[in-house]
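Q: Encoded as structure tokens, here's the structure I'll be asking about.
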Amino acid sequence: MTKPIKRRDFMRNSAVAGLTLAGTKSSVLQFPNIMVQSGVKPIVISSANGNKFKNGGDMTAVQKAFTMITQGADVLDAVIAGVNIVELDPLDDSVGYGGLPNADGVVQLDSSCMHGPKKRAGAVAALEGVRTPSLVARAVLESTDHHLLVGKGAQSFARNMGFNIEDDLNTDHSRQLWLEWKRRTDPAHYLDPKARAEVWRREGLKMVEEGLVDREHYYGTINCDGINSKGEICGVTTTSGLAWKIPGRVGDSPILGAGLYVDGAVGAAGSTGRGEANLYNLCSFLIVEEMRRGAHPKDAGMEALKRIKANTIEKRLLNSKGNPNFGINFYILNARGQYAGVTMYPGASFAICNESGPQTLACEALLSGKPND
Ligand code: GLY
């Protein structure tokens, strides 16, 4: 049983709802008539950058993915086409082309994707030279028997699959920020190893405090998950990882169960923020399992945040209140189309796009205050 929503009605409903069309330049949204099947209404959820960057086009990531889903595209194709906008946009320095580089000034990218109905996944880590690692992750899913390819092997695979390999994915902006970090942390090319580790972290976070680097982009990433009217769920996560990371460091984004997990019958979860905290707790898997037991996406996400808080015991990772001194966010969608964005501390947001258009919403926080209280 389907009920078409005409574009005219959509525009009227959107106006009545007074939606936040964050990141949209035009007041006219290019959505097709939407076929809503009884049961699940299509929706796309992502990190906040999914409703901010347009790479010079008309649509943000969530708009693009939602439009493709409602036009009948495969859900994974749709969410990947969405995040490609952010990967290719030089203005987002947390993902793909122009992502903040590692400590050697080299942009190394991680990505994973999962197809709920097909029960297949693919991922790449520490990939250099390809602007859209999510497409290489999908090629791993489609063309190999493996889950994860890394480093030079991932790059050779991408070359063999016809991807263009570039020497350098830095933009002027990402290179300038790396040079600034280098100037601050290695002025004399010498520090003892312990001090160096401390200075790397301190100076990186100071650049965030000074507004040079967006707080959300320090561990910046995009996760995007979608469901169509048939209840098919897919997700993708893609990132340049931790800014100024040790070359070869791989975060949570390409690791199934950490940066992304999809179970076609239950739901999807993905993450942005401190990957190491997520990796220790495999939170996307934990969240999907909580939903399997009947938890609402928000409650499932809160469980993961509580797990991270309980397992964060090292002093260097705690603030003066004994709470984690970092941010981490989860974007969660269940098979009924219910969703949530949750975060350790207030201030983070997430994006959705459904029949009412794109919106940027505040994540629900586990704790009050700030990471550095
Ligand atoms: N969550 C992204 C990273 O830690 O690499």
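The values are calculated or read from the model by the stated rules, or taken from the named source; none is laboratory data. The model shown is predicted, which means the values in this text are computed figures rather than measured ones. No Cβ is skipped: glycine too gets one built from the backbone with ideal geometry, and neighbour counts run over all protein chains shown. Heads up: the accessible areas ignore ligands, DNA and RNA and are worked out on the full protein's heavy atoms, side chains in. Shrake-Rupley method; radii C 1.70, N 1.55, O 1.52, S 1.80 Å.
Q: Given the options Y331, Y280, name the one that is within 15 Å of the ligand (Cβ to nearest atom), surrounded by fewer than 24 Cβ atoms within 10 Å (Cβ to Cβ) and among the aromatic types (F, W, Y).
A: On the way: Y331 fails: surrounded by fewer than 24 Cβ atoms within 10 Å (Cβ to Cβ).
Only one candidate passes the filter, namely Y280.
Residue by residue, here is whether (1) farther than 19 Å from I222 by Cα; (2) open to solvent by 10 Å² or more (accessible area, probe 1.4 Å) holds:
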| position | (1), (2) |
| --- | --- |
| N323 | yes, yes |
| A335 | yes, yes |
| T343 | no, no |
| G347 | no, yes |
| I352 | no, no |
| L366 | yes, yes |
| G369 | yes, yes |
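Q: For the range 268-295, which positions are aromatic (F, W, Y) and over 14 Å from T237 (Cβ atoms)?
A: Y280
Q: Among A61, A81, A121, which is the only one that is within 22 Å of A335 (Cα to Cα) and in contact with a His (Cβ under 7 Å, 6 or more places away or on another chain)? Working first, answer last.
A: Numbers: A61 fails: in contact with a His (Cβ under 7 Å, 6 or more places away or on another chain); A81 fails: in contact with a His (Cβ under 7 Å, 6 or more places away or on another chain).
Of A61, A81, A121, the one residue that is within 22 Å of A335 (Cα to Cα) and in contact with a His (Cβ under 7 Å, 6 or more places away or on another chain) is A121.
Q: If you don't mind, another one. If only one of G322, G327 is at pLDDT below 95 and out of contact with any Cys (no Cβ under 6 Å at 6 or more places or on another chain), which one is it?
A: Working: G322 fails: at pLDDT below 95.
Unique residue meeting the criteria: G327.
Q: Return the residues of the range 224-253 that are in contact (Cβ under 8 Å) with a residue 40 or more places away in the chain, buried (at least 24 other Cβ atoms within 10 Å of the Cβ) and within 9 Å of the ligand (Cβ to nearest atom); say none if nothing qualifies.
A: If the condition is that a residue be in contact (Cβ under 8 Å) with a residue 40 or more places away in the chain, buried (at least 24 other Cβ atoms within 10 Å of the Cβ) and within 9 Å of the ligand (Cβ to nearest atom), then T237, T239, S240, G241, G251, S253 are the ones that fit.
Q: On to the next question. I want to confirm something. Restricting to the range 254-272 and keeping residues that are surrounded by fewer than 24 Cβ atoms within 10 Å (Cβ to Cβ) and more than 30 Å from G105 (Cβ to Cβ), which single residue is farthest from the ligand (Cβ to nearest atom)?
A: Initial filter on the range 254-272 (surrounded by fewer than 24 Cβ atoms within 10 Å (Cβ to Cβ)): 256-257, 263-266.
Restricting the remaining residues to those that are more than 30 Å from G105 (Cβ to Cβ) gives 257, 263-266.
Details: G257: 14, D263: 21, G264: 24, A265: 26, V266: 22 Å.
It comes out as A265.
Q: Working only within the range 329-344, note down all residues that are more than 21 Å from S253 (Cβ to Cβ) and under 20 Å from the mean Cα position of the chain (by Cα).
A: The first filter runs over the range 329-344 and keeps only residues more than 21 Å from S253 (Cβ to Cβ), leaving 334-338.
Matches in the range 329-344: N334, A335, G337, Q338.
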